[in-house]
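Visitor: This structure is in C-alpha cells; I'll ask about it shortly.
The values are calculated or read from the model by the stated rules, or taken from the named source; none is laboratory data. Since the model is a prediction, treat every value here as computed from it, not as a measurement. Positions of Cβ are backbone-derived with ideal geometry, glycine not excepted, and every protein chain shown enters the neighbour counts. These area figures cover heavy atoms from the full protein model, side chains too; ligands, DNA and RNA do not enter into them. Shrake-Rupley method; radii C 1.70, N 1.55, O 1.52, S 1.80 Å.
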Amino acid sequence: MMRTHISRLMPVMVAMAAVVFRALPLWGLLAAAAAAGAYRLGPEDAVVLRVVAWNDETGAYETMEALSGEYAVALDGSLAVPIAGRITAGGATTSEAAAEIAAKLQAAAGLYQPPEVSMQILRYRPFYIGGDAAAPGAYAWRPGMTGSKALALAGGLFRSRSQAPGDESEYRLVSSLRGTQVELVRLRAREARLMAEQAGAEAIAFPDNLRHPDGAGAVDRILSEETALFDIRQESQVRTVESNEALIALYRTELAALDGKLVGQQRQVELARDQAEKLRALVDRGAVVASRLVDAERVLTNLNAEELDLDTAIYRARQRIGETRRDLLQAVDNRRHEIVSQLQDTRRKIELETKREAMFLGLATVQGAAPADLPLRTGMKIRRRTAAGTEVFAVGPDDPVLPGDVFEVSLEFTLTTQ
C-alpha cells in the first residue's frame, strides 16, 4: 500500500534502469573523473540525483521525479533531500552519499527494497587563485588540477613588485631565456646519451659545461634521468641479443640431432634397398614368393618417407636459424637507425634553441638586463583548511591543487645559482 501511495505522489516515467542511466552521459563523465581520485564531497559542491524505484503494479522501474534533480552541499556539509531529510555529505564519496540517501528513503517511505540512487558531480566546489597571477579570483575546480594548470587558468604571471615601465616585458624575456636554457641542458644531456649508445660505450660522457638556471642540483637530476634511460635501453638491447642467440643455439642443437638421425635413417634405407634387390632376384628365379618382395618394398618406401621428413625438418631448422639471425640483425639495425634519427633530431633542436638563447641574450642586453642578473623565480604555495586548522605549504608545478584551496603565486627576485 505504501509503495502505491508513493508512486501516486510522483510523475511516472516508465523506463528500465539501464535506459535511465544511459540518458545521463554529460554528468556521468564528470563523475567518472571524480571517482578515479576518490573525490570527497564538500561545501558548495553541486550534485545531480536520479532516484529509480521498482513499481510492483506496473512491473517496471519508475523515476522519482520529485526527488531527482540538482542539489548543493551546504556550508555545514549536509545535503537536504525530500523525504530522506538531511544527510552528512561532507567528506563522503558520491557512492557513499547515494547509499545513505537510499537507506533513508527506504526507511521513511516504507519501501520493501531501497530505491536505486545515482549521484553524480555536476559542479565541483571552487578553488581560489591569488598573488601575482594575471587574473586572480575563484575558479571551478577540475579533476587533475595542478599548480601549473591553475597558473595557466589564471592567465599566467602578471604583476611585478616594482611597477616601473617595461618591467613586465623584461620579466617575460627573462622567463623565456630561462626556459630556453633549461631546454638546452636537457637536449645536450640527451645528445651525450645518444652518442654513447651509438658508440656502444659503457657509460655516458656528459659535457662539463652544463649549466642550469636552477643550479647544479637541477643538472644532476637531468643527468640521472638520462643515465637511467641509458641503462634501461642497454639492458633491453642485451636481452634482445641474448634471447636471439639462445634461440639460434637451440635450433643448432636441434639441427645436429636431426643430422645424426638422418645418418642412421640413410643406413636403414640402404639396407632395405639391398634386401629388396636380393628378394627381387630370388623372386625372378622363383626361389621365394612375391609377397615377401612386396613387404620389403613397402618397408623401403616407409623408410624413404621418413628420410624425406628428416630432410624437411633439417631444412626448417636451418630456415629458423636464418630467420632468427636475420631478426637479430634487423633489431640491431633498427636500434642504430633509431639512435641516428634521434641524434639528428636532437642536434637540430640544439641548433634552434641555441639561436633562441642568443636572441634572448641579445634582447636582454639591449634592455639592460645583463645575463648575470636573472632574478626571476616563480613561487607557489597553497593555503588549505584542515581539521587542525589552516596549513600553508610550498608546492611545485606538478603538485595537486584541491577544491577549496587558495593557490598563491608570487614573483621572487632572488639570484639563482648558475
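Visitor: Of Tyr251, Leu279, Gln319, which is farthest on the positive side of the dipole of the range 205-335, counting Cα position, with +1 on Lys and Arg Cβ, -1 on Asp and Glu Cβ, and the Cα centre as origin?
Guide: Positive-end residue among those listed: Leu279.
Visitor: Check the straight Cα-Cα distances from Lys349 and name the lysines below 29 Å, setting aside those fewer than 8 residues away within the same chain.
Guide: Leaving aside lysines fewer than 8 places away in the same chain, those within reach of Lys349 are Lys149.
Visitor: Between Gln330 and Ala205, what is the FRET efficiency for a Förster distance of 41 Å, r being their Cβ-Cβ separation, to the nearest 0.05?
Guide: On the way: r = 29 Å, r/R0 = 0.71.
That pair, Gln330 with Ala205, gives E of 0.90.
Visitor: Write down the Kirkwood hydrodynamic radius of the range 260-357, to one decimal in angstroms, obtained as one divided by the mean of 1/r over all alpha carbon pairs.
Guide: Details: mean 1/r = 0.0530 Å⁻¹.
Answer for the range 260-357: a Kirkwood hydrodynamic radius of 18.9 Å.
Visitor: To continue, here is another question. Roll a 1.4 Å probe over the protein chains and send me the accessible area per residue for the range 197-282 in Å².
Guide: Numbers: 5570 Å² over 86 residues.
With all protein chains present, the range 197-282 gives 65 Å² per residue.
Visitor: Summarise the accessible area of the range 200-307 (1.4 Å probe, protein heavy atoms) by the percent that is carbon and sulfur.
Guide: Values: 3770 of 7120 Å².
Whole-percent figure for carbon plus sulfur exposure: 53.
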